[in-house]
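> One structure, pasted below without further comment.
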Amino acid sequence: MRRHRTGQPLRLLVVVCLALLANGCGANLTSVRDFAATSFDAAQYSQLVVAYVEAPTRLKRYEPPAQWPTLDRQASERQAQREQLLLRHKLVQEYMSALGQLAADGLPIYDNELDALGKAVQTAKFADQGEAAAFAAVSKLLVTAVTDRWRQGKLETLIEQSNAPFQVVVGGMVKVVEQGFSGDAAIERIALDNYYTTLQREGKDPAGLAALAEWREFRTNQLATHEQAIRNYVVVLKTIGQGHQKLYETRNQLSKAEVEADIQRYANRLKEAFNAVKGL
Amino acid sequence: MPPLTSDDAFALSKSFRDLSVAIGDYRFSHWDTLSAADRTTLQNEEWSLLNAASDMITKAVGLTLDESQAGAARLNGAAASAQKAVKTLNDVRKVITVATASVGLAAAIMSKDPGAIAKNAKAVFDAVTATA
């Protein structure tokens, strides 16, 4: 009886040690995986890039034919930018895929996309050299993670080494969407107002004016939805950047319950913002 | 002078956009007193300025503008002065002069020709000053 009583705490201690060891070898990190998965999905969203590239063509419906050669030139210039813009989305996707795999203690997957990304970095033109360097740094880390067969133990290394360039890449995306795409939408709104107000001033036929008013309302609503998508996607991108910054600041203690809860809050905020984009 | 940055290009885009709106406001608020030809002239300038704003966004997003020798502050100042002048003018001839000079400035910026930029920036200032 006496031996049995002293053996129980010992067995409990052994169980606790084994549990701790198991945790050290492969923590659950659900919130990190959740954050990475949601960021991956959000980075796939490329409709705003498409809308930006096609904006000059859309403006043709409002502008007189004399302006069309200018709009055609702009359309071709933007078409040439398309790959570079989508490349940023692809990089965030690939990075979040690797982050999620390491958090799950899996091997980052080598795929053709990663190979294509590396080649694209070599050929893409970046207006900002700092951004080009950041892009190359994140891309190189991803390749290292795959070729060196990184596992969860390297998660901290990935976050630590990639945070600075990752913030530059995401910051560039925020700037393009927040200033470029929203500026573009403002131009489209002015064009729409200019076109319909002029027609309505010149119009005499009541039925024609009524039809014009309906079309104007339809186009205005379409544009309002697009503007809302831009605002929501800015929140998405900023949350990805902030969430990764939090990962960086807490990289040494990712399995702590309070850190998990913090990261989960970013994942939830990201889901909410991205659902708002998708719901439009 | 420092090269134009993407922030400068975004700011220029907004200036051209605002100027286009100001000319449109003028056209609509003076609709009944303007001739059809003047309305068309003003509207053409509005479209040109709006497309210049769009060009600036394209540049800011993807292309380098660092060859430009003109300072962003001076360029922004020219576009802002033009917008202010249009808001206070009543004479359509003067509005057209300012609008035409501004379209010339936008085209010069796109051409990245430092001489043309300086010349057209001065033309905008001159047009605004002449209307004061």
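> The conditions are (1) farther than 30 Å from B:Glu45 by Cα; (2) more than 10 Å from every other protein chain (Cβ to nearest Cβ), and A:Gly172 fails exactly one of them. Which is it?
With (1) farther than 30 Å from B:Glu45 by Cα; (2) more than 10 Å from every other protein chain (Cβ to nearest Cβ) applied to A:Gly172, the lone miss is (2).
> Taking the stated definitions as given, is A:Gln228 in a helix (DSSP H, G or I) and touching a helix residue (DSSP H, G or I) at 6+ places or on another chain (Cβ under 6 Å)?
So A:Gln228 does not fit the description; no.
> Report every pair of residues separated by at least 6 positions or lying on different chains whose Cβ atoms are under 9 Å apart, first residue within the range B:102-131 and at positive phi, second small (Gly, Ala, Ser).
Pairs that qualify, where the first residue is at positive phi and the partner is small (Gly, Ala, Ser), are B:Lys112/B:Ser68.
> Kindly provide the set of residues from the range A:41-77 that are crowded, with 18+ Cβ neighbours inside 10 Å and either within 30 Å of A:Ala257 (Cβ to Cβ) or aromatic (Phe, Trp, Tyr) (or both), ordered by number.
A:Ala42, A:Ala43, A:Tyr52, A:Tyr62
> Anything in the range A:47-70 that is within 11 Å of another protein chain (Cβ to nearest Cβ), within 25 Å of the chain's Cα centre (by Cα) and not hydroxyl-bearing (Ser, Thr, Tyr)? List them, or say none.
Answer for the range A:47-70, where residues must be within 11 Å of another protein chain (Cβ to nearest Cβ), within 25 Å of the chain's Cα centre (by Cα) and not hydroxyl-bearing (Ser, Thr, Tyr): A:Val49, A:Val53, A:Ala55, A:Pro56.
> Ok, one more. Do we have any residue at all in the range B:108-126 that's modelled with pLDDT of 75 or more and closer than 17 Å to A:Ile187 by Cβ?
Yes.
> Any chance you could count how many residues in the range B:1-42 are outside any helix (DSSP H, G or I) and either within 23 Å of A:Phe181 (Cβ to Cβ) or polar (S, T, N, Q) (or both)?
3
> A further question follows. For A:Tyr195, indicate whether it is within 12 Å of another protein chain (Cβ to nearest Cβ), aromatic (Phe, Trp, Tyr) and surrounded by fewer than 22 Cβ atoms within 10 Å (Cβ to Cβ).
So A:Tyr195 fits the description; yes.
> Could I ask something else about it? Pairs needed: first member in the range A:195-216, part of a helix (DSSP H, G or I); second member anywhere, small (Gly, Ala, Ser) and surrounded by 12 or more Cβ atoms within 10 Å (Cβ to Cβ); C-beta distance under 9 Å; at least 6 residues apart or different chains.
Filtered contacts from the range A:195-216: A:Tyr196/A:Ala213; A:Thr197/B:Gly24; A:Thr198/B:Gly24; A:Leu199/A:Gly208; A:Gln200/A:Ala213; A:Leu209/A:Gly203; A:Leu212/A:Gly203.
> Among the residues of the range A:60-103, write down those that are of a type in the set (Asp, Glu) and part of a helix (DSSP H, G or I).
Once the filter is applied, which keeps residues that are of a type in the set (Asp, Glu) and part of a helix (DSSP H, G or I), the range A:60-103 yields A:Asp72, A:Glu77, A:Glu83, A:Glu94.
> In the range B:1-36, what residues are of a type in the set (S, T, N, Q), within 11 Å of chain A (Cβ to nearest Cβ) and surrounded by 21 or more Cβ atoms within 10 Å (Cβ to Cβ)?
Scanning the range B:1-36 gives B:Ser6, B:Ser13, B:Ser20.
The values are calculated or read from the model by the stated rules, or taken from the named source; none is laboratory data. Here the structure is a predicted model, which is why all the values come from computation and not from measurement. Here the Cβ is made from the backbone with ideal geometry for all residues, glycine too, and neighbour counts use every protein chain on show.
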